[in-house]
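As C-alpha cells, the structure follows; a few thoughts come after it.
The values are calculated or read from the model by the stated rules, or taken from the named source; none is laboratory data. Values in this document were obtained by computation on a predicted structure and should not be read as measured data. Virtual Cβ from ideal backbone geometry, glycine too; neighbours counted across all protein chains shown.
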Amino acid sequence: MSVNTLLTQTFTVQELTTGQSAMGGHIKSYSTRTDCDSLYGLINAKKLTEAEDGKTISDNVYKLYLEYTSVTTTVEKTDRVIFGSRTFEIKGIYNPANRNVLLQIDLEEID
C-alpha cells in the first residue's frame, strides 16, 4: 500500500509574515505558503491525560502526517495549518527515523 493512499485529507499551510504598525509595533499576519494551499495529509487526534499536583489534566494532541517532498520540507515551526474551519499552530516537525518518507507535525488547535 502506497503512503499516498493513506493521506486523504486536504489542508493549507500558512506562513507568518510580520509588518510594522503606525505606532511602531509589530503586526503578525499569515499568508498561504507557496504550493501549500491544497496539500494531502492525515490529521489524527489523541487525548493526552496527565496528573499534576493531584489533578488530572486532559488535552487533545494532534499529529499531522504528510509525504516528505521538496514542498513539504519548506514548512516551518512558525507556520500554521488550516484544516476545514480549524486552525492549528505547529509545535514540532519530525522526520521519523530520518527516512525522508513522511513528515510528522505536532499541532495545537487555536481558537
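Of all residues in the range 53-66, at least one satisfies being more than 16 Å from residue 92 (Cβ to Cβ) and in contact with a Leu (Cβ under 9 Å, 6 or more places away or on another chain).
Given the condition basic (Lys, Arg) and within 12 Å of the chain's Cα centre (by Cα), answer yes or no: does some residue in the range 48-68 qualify? Yes, the range 48-68 has at least one match. Entry remark, the range 64-90: residues being surrounded by fewer than 17 Cβ atoms within 10 Å (Cβ to Cβ), charged (D, E, K, R) and over 20 Å from residue 17 (Cβ atoms) number 1 in total. Out of curiosity, is residue 48 modelled with pLDDT under 95 and surrounded by 13 or more Cβ atoms within 10 Å (Cβ to Cβ)? For residue 48, the condition - modelled with pLDDT under 95 and surrounded by 13 or more Cβ atoms within 10 Å (Cβ to Cβ) - is not met.
Taking each residue of the range 64-83 that is under 15 Å from residue 30 (Cα atoms) and touching a residue at least 60 places away in the same chain (Cβ under 8 Å) and looking for partners that are among the hydrophobic types (A, V, I, L, M, F, W, C) and surrounded by fewer than 17 Cβ atoms within 10 Å (Cβ to Cβ) with beta-carbon atoms closer than 7 Å, six or more apart or interchain, yields 75/93; 78/16; 79/16. When the range 32-76 is filtered for residues that are farther than 17 Å from residue 107 by Cβ, acidic (Asp, Glu) and not in a strand (DSSP E or B), the ones remaining, listed by number, are 35, 37, 53.
Mind listing just one residue for me: the one in the range 6-31 that is part of a strand (DSSP E or B) and in contact with an Asp or Glu (Cβ under 8 Å, 6 or more places away or on another chain) and, of those, surrounded by the most Cβ atoms within 10 Å (Cβ to Cβ)? So, considering only residues that are part of a strand (DSSP E or B) and in contact with an Asp or Glu (Cβ under 8 Å, 6 or more places away or on another chain), the one surrounded by the most Cβ atoms within 10 Å (Cβ to Cβ) is 13.
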